[in-house]
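Working notes, structure below.
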Amino acid sequence: MVTLIDTVSSVKARPRHPEKARLPDTPVVRKPPWIRVKAPGARAFDATRQVLREHRLNTVCEEAACPNIGECWDRRHATVMIMGEVCTRACAFCNVTTGKPSHLDPDEPARVAGAIAALDLNHVVVTSVDRDDLKDGGATHFAKTITAIRHAAPNTTVEVLTPDFMRKDGALEIVIAAAPDVFNHNVETVPSLYRRIRPGADYRHSLALLRRAKTQDPSAFTKSGIMVGLGETDAEIEGVMDDLRAVDVDFLTIGQYLQPTRKHAAIDRFVTPEMFGSYRRLAEDKGFLLVASSPLTRSSYHAAEDFERLKDARQATFSA
C-alpha cells in the first residue's frame, strides 16, 4: 500500500497562527495526481531525524510542512531553520508559527555545524524565521552559523536563504562577509499580491537586496523563487522573471503554492507540469544560469545537485 503525505494534515496540533484564528475558513481544494508524493523509507528518514533531534535543531522541512520532506530526509538532506521556530511576520502562505520569538541561542551555530558534519553533507541550506525584533535581523547569527559550518565541515558548500532584513542597515553586509556560496532570498509572489500574501514585505526592497548581494560578492551565486497558484497571471510571472534578471539573479525556482491550513490563502489554481515546463523554458531564454520549475519545486529541493549544475553553467558561460 502506498502512503501519501498530506501537507494539511501534517500541521502540529498546537496553535501556530493566532493572528489567523478569526479569519474565515478558505476552501481546501483536492490536489491533482501530480502533487502527491510517496512516504519515505523508514530507516534513512529516521536516521536524519535522529541527528536533527540530537542537535536540537528546527527545520523548515517540518515547520513549513514541505511536501518533499520524505524524499529529502530519506537522502539525509535537511534545511536547517535557525533563530527559533517563531516568526515575527504573518505571511498568508506560510505555515511557520507567528508570534514573539525567544532569545537567540548562542550555541545554535555550533549545533548546526555538528549536525552538518554528522550528516556528511556536500551542500547545506540554512534559512531562518524573520526576526524583526533583532537589531540586525539575525544577520550576525547567520554569519556565525556559516563560520561554524566552515570549521566543522570544510568541504561542505553553504547556501543561505535569508529574510529581507527590512530596515536593518548593514545586515546584508554581515551575511555576505561570511562568504556563503549561494545567497538566496525569495520574492515569493508577484508585486500585485504582496499586500494580501506577504504583508510587511516590499517587492522592490527584496529586488534591491538581491542586487546588493551580487554587487558585494560577484563570485557568489544569487537565487530567488516564487510560488504560483495564488492568483497571479502568466504576464505577471514573466514580469518577475525580468525584474530578477535585471538584478542579475543566477538561479530561479518556481513551485506550486500548497495551502497549509484553511486559515491560509486559498489556492487559486493548480498549474500543470506542462505549464511549469513552459515557465522554465521562458526563464532560460531570459538568461538565468539555472531554472527549477515544477509543481513540487521548493527553494532547497535538490539544492546540492543544483549547486553543481550552477557551477557547470557558469563555467560553460565563461568558456563560451
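The values are calculated or read from the model by the stated rules, or taken from the named source; none is laboratory data. Predicted model, so just to flag it, every value in this text is computed and none were measured. Here the Cβ is made from the backbone with ideal geometry for all residues, glycine too, and neighbour counts use every protein chain on show. Calculation scope for accessible area: heavy atoms of the full protein, side chains included, ligands and nucleic acids excluded. Shrake-Rupley method; radii C 1.70, N 1.55, O 1.52, S 1.80 Å.
Numbers for the structure displayed
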{"read-out": "Heavy-atom accessible area ranking, 1.4 Å probe, most first, across 55, 264, 302", "value": "302, 55, 264"}
{"read-out": "Cα→Cβ-extended label distance, 7 Å offset, between residue 169 and residue 272, nm", "value": "5.3 nm"}
{"read-out": "Long pairs among 223/311; 214/311; 168/263; 31/223; 100/223; 20/223, criterion Cα-Cα beyond 20 Å", "value": "168/263; 31/223; 100/223; 20/223"}
{"read-out": "Rounded to whole Å, sorted largest first: equivalent-ellipsoid semi-axes of the chain, Cα gyration tensor", "value": "26, 24, 21"}
{"read-out": "Pairwise centroid distance, computed over Cα atoms, of the stretch 271-320 with the stretch 103-156, Å", "value": "26 Å"}
{"read-out": "Mean projected area (nm²) of the alpha-carbon convex hull when the stretch 111-166 is viewed from all directions", "value": "3.6 nm²"}
{"read-out": "Computed helical MRE - 222 nm, the chain, DSSP H runs ≥ 4 contributing -39500 (n - 2.57), nearest 500", "value": "-11000 deg cm²/dmol"}
{"read-out": "Calculated from backbone phi, Karplus (6.51, -1.76, 1.60) coupling profile of the stretch 20-34 in Hz, x at Gly/Pro", "value": "9, 4, 8, 6, x, 5, 9, x, 9, 8, 4, 6, x, x, 6"}
{"read-out": "The stretch 278-291 - phi-based ³J(HN,Hα) in whole Hz, Karplus 6.51/-1.76/1.60, Gly and Pro as x", "value": "5, 4, 4, 5, 4, 5, 4, 5, 7, x, 5, 5, 8, 9"}
{"read-out": "FRET efficiency, 1/(1 + (r/R0)^6) with R0 25 Å, evaluated for residue 233 and residue 204 via beta carbons", "value": "0.80"}
{"read-out": "Exposure ranking of 23, 209 by accessible area [1.4 Å probe, largest first]", "value": "23, 209"}
{"read-out": "With eigenvalues of the C-alpha gyration tensor scaled by 5 and rooted, the stretch 162-320, Å", "value": "24, 20, 13"}
{"read-out": "In order through the stretch 267-277: 3J(HN,Hα) via Karplus (6.51 cos²θ - 1.76 cosθ + 1.60), integer Hz, x for Gly, Pro", "value": "6, 7, 6, 9, 7, 6, x, 5, 5, 4, x"}
{"read-out": "For residue 132, net neighbour charge (Lys/Arg +1, Asp/Glu -1) across residues whose Cβ lies under 12 Å away", "value": "+2"}
{"read-out": "With all protein chains modelled, accessible area of residue 317 [1.4 Å, Å²]", "value": "80 Å²"}
{"read-out": "Under-5 Å amide H pairs with residue 87, H placed in peptide plane, nonlocal only", "value": "97, 98, 99"}
{"read-out": "Under-5 Å amide H pairs with residue 123, H placed in peptide plane, nonlocal only", "value": "157"}
{"read-out": "GNM top mover of 78, 110, 21 - the chain, alpha-carbon springs below 10 Å", "value": "21"}
{"read-out": "Residue 23/residue 248 FRET efficiency (R0 45 Å; Cβ-Cβ; nearest 0.05)", "value": "0.70"}
{"read-out": "Proximal charge balance of residue 111 [Cβ under 14 Å; K/R count +1, D/E count -1]", "value": "-1"}
{"read-out": "Coil-residue trypsin sites (Lys or Arg not before Pro) of the stretch 246-320, DSSP, other Cβ within 10 Å capped at 16", "value": "262, 269, 286"}
{"read-out": "Listed residues 219, 128, 294, most fluctuating in the chain (Gaussian network, C-alpha, under 10 Å)", "value": "219"}
